[in-house]
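Each remark here refers to the structure printed beneath this line.
Nothing in this text is a laboratory measurement; each read-out follows from the coordinates by a stated rule. Keep in mind that what you see is a predicted model, and the values were worked out from it rather than measured. A quick note on method: Cβ atoms are made from the backbone with ideal geometry, for glycine too, and the neighbour counts reach across all protein chains shown.
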Amino acid sequence: MGIHPTAMVSQRAAIGENVEIGPGVIIEDDVTIGDNTVVMANSYIRSFTDIGKDCRVHMYTVIGHDPQDLDFTGEKSYCRIGDRNIIREFVTIHRGTKPGSATVIGNDNFIMGQTHIAHNCRLGDRNILANTAMLAGYVEVEDDVFISGHNVIHQFSLIGRMSIVSGLSAVNKDVPPFMSVGGRPAVVTGVNNIALKRAGVSLPRRRALKKAYKVLYLSGFNTGQAVKRIRKMAQTPEVAHLLAFIARSERGICRHEGRMEDRW
């Protein structure tokens, strides 16, 4: 374990083996840092934050700070971050706003510079958030999602698995899994075939998903009618996940409005 002499690390923090803590870092009481994690210069880790193993926390990050919520009472809440996450410079990740609640980030995520993850967000695994992605409170991101730079995600939005949000977008509805979205407001522009291919999803399963997409967005049916028809189709894992996502969507899913250039 290497702790720079200018770092301020609480004796009540639990620091794992082979952890590196750089100059000017502040780590408060009741923080846990897992083995082999690196916390670089001038980062601030607030109380009630857990960071897993093999993470890389870059310069000037703030993790576990009080939520930007006028209803926050100052009671104990948490920020929990899994293993092998890369958190780049000037990222801010806030803890939960209600007593006992938590902001939760899974494993193997790549969170690029100046991204903000607000209170009570939940991120799964293997997500990429490009520079200055802004996630408001209670946003949920599933797995293998790519959120491009300079995006704003409305509070309580769901971002479905293996979807992609193009840069400079404003998301105010739920993003269905396996879809590409973009624009202000964000609309669905097609199936995220590149991600599906990279994930090894077979051609028959990709075709089944494309057929479901056409029923959902290009058939003229409303969402309820489309769902009924999709349920009668081949239930591949991807189609089943799409249906389950729509069923739990409370904000409603993103609309489809043709080519991206028509939105600007």
Review point. Residue farthest toward the positive end of the dipole of the chain, with Cβ of Lys/Arg at +1 and Asp/Glu at -1: which of GLY82, ASN193, GLY16?
Key: ASN193
Revision key, fill the gap. Asserting the computed 222 nm helical MRE of the chain (DSSP H runs at least 4 long, -39500 (n - 2.57) per run, divided by residue count, to nearest 500) equals -5000 deg cm²/dmol
Point to revise | Nearest-20 debye value, the chain charge dipole, Cβ charges on Lys, Arg, Asp, Glu | key: 1800
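Applying 1/(1 + (r/R0)^6) with R0 = 30 Å to the Cβ-Cβ distance of MET8 and ASP35, what FRET efficiency is obtained, to the nearest 0.05?
The formula returns an efficiency of 0.90 here.
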Check your understanding: Just one of (i) 58, 37, 34; (ii) 64, 40, 33; (iii) 65, 52, 38 is Cα extents along the principal axes in Å calculated from these coordinates, so which is it?
Key -> (ii)
Exercise for review: Take the Cβ-Cβ distance between ARG198 and THR132 as r, set R0 to 25 Å, and report the resulting FRET efficiency rounded to the nearest 0.05.
Suggested key: 0.50
Check your understanding: Which listed residue (VAL62, ALA41, ASN151) has the Cα farthest towards the positive end of the charge dipole for the chain, taking +1 on Lys and Arg C-beta and -1 on Asp and Glu C-beta about the Cα centre?
Key -> ASN151
Point to revise | Pairs beyond 26 Å (Cα-Cα), from LYS53/LYS76; LYS53/LYS197; LYS173/LYS214 | key: LYS53/LYS197
Revision key, fill the gap. Note, ASP83: beta-carbon cut-off 15 Å, +1 each Lys/Arg, -1 each Asp/Glu, net -2
Revision key, fill the gap. Ranked output for segments 171-177, 80-86, 240-246 by mean other Cβ atoms within 10 Å, highest leading, reads 171-177, 80-86, 240-246
